[in-house]
1. Tell me, please, whether a residue that is crowded, with 16+ Cβ neighbours inside 10 Å, free of Cβ contacts under 8 Å to residues at least 60 places away in the same chain, in a helix (DSSP H, G or I) and under 36 Å from the mean Cα position of the chain (by Cα) can be found in the range 37-50.
2. Say we look at the range 110-121 and pick out the residues that are of a type outside the set (A, V, I, L, M) and open to solvent by less than 50 Å² (accessible area, probe 1.4 Å); which of these is farthest from L70 (Cα to Cα)?
3. Can you name the helices (runs of 4 or more DSSP H) wholly within the range 62-170 that have at least 3 residues being of a type in the set (A, V, I, L, M, F, W, C)?
4. Looking at (1) touching a residue at least 12 places away in the same chain (Cβ under 8 Å); (2) open to solvent by less than 60 Å² (accessible area, probe 1.4 Å); (3) closer than 23 Å to L22 by Cα, which is the only condition L134 fails?
5. Restricted to the range 113-143, and to residues that are touching a Ser or Thr at 6+ places or on another chain (Cβ under 8 Å) and at pLDDT 90 or above, which residue is nearest to F254 (Cα to Cα)?
6. Scan the range 39-63 for residues that are touching a Phe, Trp or Tyr at 6+ places or on another chain (Cβ under 9 Å) and among the acidic types (D, E) and report the count.
7. Among the residues of the range 171-207, which ones are of a type in the set (G, A, S) and either more than 19 Å from the chain's Cα centre (by Cα) or closer than 30 Å to A258 by Cβ (or both)?
Amino acid sequence: MSTAFRSCFVLGGFVLAYITYLILGALVFSAIERPVEDNLKSNLTSLKAEFLNLSCINATALEDFLERVLKANKYGVSVLENASLRTNWDLASSLFFANTMVTTVGYGHTTPLSDAGKAFSIVYALIGVPFTMLVLTACVQRLMHPLTYGPISMCQQRAGLNPRAASVVHFIVLMVLVVLGFFVIPALVFSAIEESWSFLDAFYFCFISLCTIGLGDFVPAEKPGQRLRALYKISVMVYLFVGLMVMFLVLRTFHKLADVHGWTAFFQLPSCEEEDEDKEPIIDREPDDESPEAEKASIKQRDPSAQVSYDSING
């Protein structure tokens, strides 16, 4: 088995195991929380009917009604008829909840209703958060060569740029592509689908989500009567995972840029190269097919004796 095939096989195994973990979590959340949600909806319906049948509404009755309605709304259950027709714990919604939990985005628009759901959330996140970081790290490690080292090396070889200039040009191009591909274009799509969202609202949602801030003031697919709601939620899940992976790639690339310009040495921080040398790669990289001349010019060398000297660059 070739190194490249083995690397792809291991990475595929990581991703498949991660998807399986999300699905199993969604099934458990749905099984635990959906009956509790149905019971809460039934209680709210009865409460609403009793309130409407009151011949004389006093302040105490009104306050009691509002208190119970607001408490239910905190768990994502609404007294409004249109909103009550959908559930927050079908498979797609449970998948979305599980995904936002383990990626630490956590919008907070839906929360577990039962003690069993809360206990399971603790255990699920305890395993799922580091598992997510492991999968993201494995994916980014696999992408660093074709999306960072390779393009920088190409800038040096074909454009004749020095390592500093090549790393700056590459980082600027990468940032432009990321802003367009993961902020501007998705914002246009979200603002078109979500009728109440402006472009700024959608751009704000993308930024808050991919920075894992997740304030929860804007959450997609929560509009009553949303068409293809399940597919929409799963699409947002994919966007969040790929977006987080790209953000991690940008951070790693900036770390390389800081190495080349000597910023990590100036602030006495560990270089990206030292971090890579301290541990074995999570997945094997592909063997380098470049010619010996191209390998000498590459910013990423496999031979420690041929490693780029940042001190010589700074000098």
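The values are calculated or read from the model by the stated rules, or taken from the named source; none is laboratory data. Since this is a predicted model, take the numbers as computed values, not measurements. With ideal geometry, Cβ positions are generated from the backbone for all residues, glycine too; neighbour counts draw on all protein chains shown. Each accessible area value is taken on the protein alone, full model and side chains, heavy atoms only, with ligands, DNA and RNA left out. Shrake-Rupley method; radii C 1.70, N 1.55, O 1.52, S 1.80 Å.
1. Here is the first cut: in the range 37-50, the ones crowded, with 16+ Cβ neighbours inside 10 Å are 37, 40-41, 44, 47-48.
Cutting the leftovers down to free of Cβ contacts under 8 Å to residues at least 60 places away in the same chain gives us 41, 44, 47-48.
Subsequent filtering for residues that are in a helix (DSSP H, G or I) retains 41, 44, 47-48.
Of the ones still in play, those that are also under 36 Å from the mean Cα position of the chain (by Cα) are 41, 44.
Within the range 37-50 (the criterion being crowded, with 16+ Cβ neighbours inside 10 Å, free of Cβ contacts under 8 Å to residues at least 60 places away in the same chain, in a helix (DSSP H, G or I) and under 36 Å from the mean Cα position of the chain (by Cα)), the answer is yes, since at least one residue qualifies.
2. Across the range 110-121, the extreme among qualifying residues is S121.
3. Working: elements: 81-84, 91-102, 115-144, 150-158.
In the range 62-170, 91-102, 115-144, 150-158 are the helices (runs of 4 or more DSSP H) which contain 3 or more residues that are of a type in the set (A, V, I, L, M, F, W, C).
4. (2)
5. First, pick out the residues of the range 113-143 that are touching a Ser or Thr at 6+ places or on another chain (Cβ under 8 Å): 129, 132, 142.
Narrowing the set further to residues that are at pLDDT 90 or above leaves 129, 132.
Working: V129: 24, T132: 22 Å.
Selected residue: T132.
6. Matching residues across the range 39-63 total 1.
7. Step one: filter the range 171-207 for residues of a type in the set (G, A, S), giving 181, 187, 191-192, 196, 198, 202.
Correct list: G181, A187, S191, A192, S196, S198.
Residue by residue, here is whether (1) open to solvent by 10 Å² or more (accessible area, probe 1.4 Å); (2) over 19 Å from L27 (Cβ atoms); (3) of a type outside the set (D, E, K, R) holds:
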position	(1), (2), (3)
F65	yes, yes, yes
K74	yes, yes, no
S94	no, no, yes
A98	no, no, yes
V102	no, no, yes
G108	yes, yes, yes
V123	yes, no, yes
R142	yes, yes, no
C155	yes, yes, yes
